[in-house]
1. Roughly speaking, to the nearest percent, how much of region 301-350's 1.4 Å accessible area is carbon and sulfur?
2. Over the chain, with the other protein chains present, what is the accessible area per residue in square angstrom, probe 1.4 angstrom?
3. Taking the Cα centre of the chain as origin, work out the dipole magnitude from +1 charges on Lys and Arg Cβ and -1 charges on Asp and Glu Cβ, in debye rounded to 20.
4. Looking at region 121-222, which GluC sites (Glu not before Pro) are in a loop (DSSP not H, G, I, E or B) and have at most 11 other Cβ atoms within 10 Å?
5. Accessible area of region 87-177 with a 1.4 Å probe: how many percent of it is carbon plus sulfur?
6. Here is the link list: Lys46/Lys275; Lys108/Lys191; Lys275/Lys349; Lys150/Lys349. Which ones come out longer than 32 Å on Cα distance?
7. How much length would be gained if the chain were fully extended between Glu290 and Arg85, taking 0.36 nm per residue of separation minus their Cα-Cα distance, in nm to one decimal?
8. Working out 0.36 nm times the residue gap between Ala323 and Ala227, then minus their Cα-Cα distance, what length gain in nm do you get to one decimal?
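The values are calculated or read from the model by the stated rules, or taken from the named source; none is laboratory data. Predicted, not measured: the structure shown is a model, and the values here were computed from it. Cβ: placed from backbone, ideal geometry, glycine included. Neighbour counts: every protein chain shown. Accessible surface areas use protein heavy atoms only, side chains included; no ligands, DNA or RNA. Shrake-Rupley method; radii C 1.70, N 1.55, O 1.52, S 1.80 Å.
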Amino acid sequence: MRILFLDQFSDLGGAQCCLLDLLPAILERGWTPRVALPGPGLLAEKLRALRIPVEFTGFAPLHSGFKTLADALRLGNNSLALARRLDWEADLVYVNGPRLLPAVALAKPYAPVVFHAHSHLTKGYVSRVAGWAIRRTRAGVIANCESVAKPLRKYAPVDVVFNGVEEHAVSAAPPSRPPRIGVIGRIAPEKGQLEFVRAARLLPECRFVIYGARLFSDPSYEERVRAEAAGLPVEFAGWRDDMRAVVASLDLIVVPSSGLEATTRVILEAFSAGKLVLAAAAGGIPEIVEDGVTGFLTPSNSPEELAAGIRRALSELPGPVGANARHAWEQHFRIGRFQHDVCRLLATKVRNRTAEINTNTAATTSVGG
């Protein structure tokens, strides 16, 4: 099976890491992937290391967050150009980002289409255009949690497949003194680093680390976070690839996301290591974190509630929650389960389209003959 994978970014966000997780299973099944990206970047380097063909589309990605009318016009122009430029010859088109859906709908490839939704479609023209494209292409939809799936069901049936991650097991160690508390991920408003820094102001007895970098967001947000952190025990450690070491260095991993969060991978990576997680009960996070059992939830990502949640979580060290989290990863969030479920859905989509074509051909032959 020949699969054309489309991604809207060339850097490594959560959706791109999921794509990298999936591709080894694609190769193991003897399927033939090729990947189209906007341009050079770390994702292209990793794909080439897997010996997967990469082509550059020139599709200019939009920043995350609020979109202007100019952004809408640019998206339309980019989509028209991509629809004309790309070679759509494949047995399946896999779309790894909603901003590419209009180009696929305009090209209307003969192959079936699968859209993998890793985040909420925000209100406005992006959501409406994506819905139009899903209907026009009769795309199959995979969502990484029920929270992401729910608004998409008005356009098409949706299968929920939770992400899976590799094991990040670390050796048990006594808690640090003072406790070392971290946020891991791209620096963006929806990820809540600003609220995390403001919570740090309320916890002078702790030390705080922000792992990550600005990838798809306006640089002004990171500048604001750094300004708020001035004079506080907050370290900016930058982007790191060695997640095992990052997770091992922390006593508590905080996920202070806003309501737009889906099910961030860092929670599952912490689970695999048996590390404590404190997360705002936003989006799909309550679907994977059971409060007081596999982790800790706060009602929102306000600095006051984050600070109270951090104190609560640290009071549980040592305790059974980390072991429960590890067990949840073993049962539900292994990378092999993710690969199997997604590949099964891709194969089913192609099989159903083949059966539909055969049925239509038989019907046409019967009428004509």
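1. Details: 1270 of 2360 Å².
The value for region 301-350 is 54 percent carbon and sulfur by accessible area.
2. Per residue, the chain has 44 Å² of solvent-accessible surface.
3. Details: 43 positive and 36 negative charges, 207 e Å.
So the dipole magnitude of the chain works out to roughly 1000 debye.
4. Details: sites: Glu146, Glu166, Glu167, Glu190, Glu195, Glu205, Glu222; in loops: Glu166, Glu167, Glu205.
Within region 121-222, the qualifying GluC sites (Glu not before Pro) (loop, at most 11 other Cβ atoms within 10 Å) are Glu205.
5. Values: 2080 of 4010 Å².
Exposed carbon and sulfur together represent 52 percent of the surface.
6. On the way: Lys46/Lys275 28 Å; Lys108/Lys191 35 Å; Lys275/Lys349 37 Å; Lys150/Lys349 21 Å.
Where the Cα-Cα span goes over 32 Å, the pairs concerned are Lys108/Lys191; Lys275/Lys349.
7. On the way: separation 205, 0.36 × 205 = 73.80 nm, distance 4.67 nm.
Fully extending the segment from Glu290 to Arg85 adds 69.1 nm.
8. Details: separation 96, 0.36 × 96 = 34.56 nm, distance 3.71 nm.
The span from Ala323 to Ala227 would gain 30.8 nm if fully extended.
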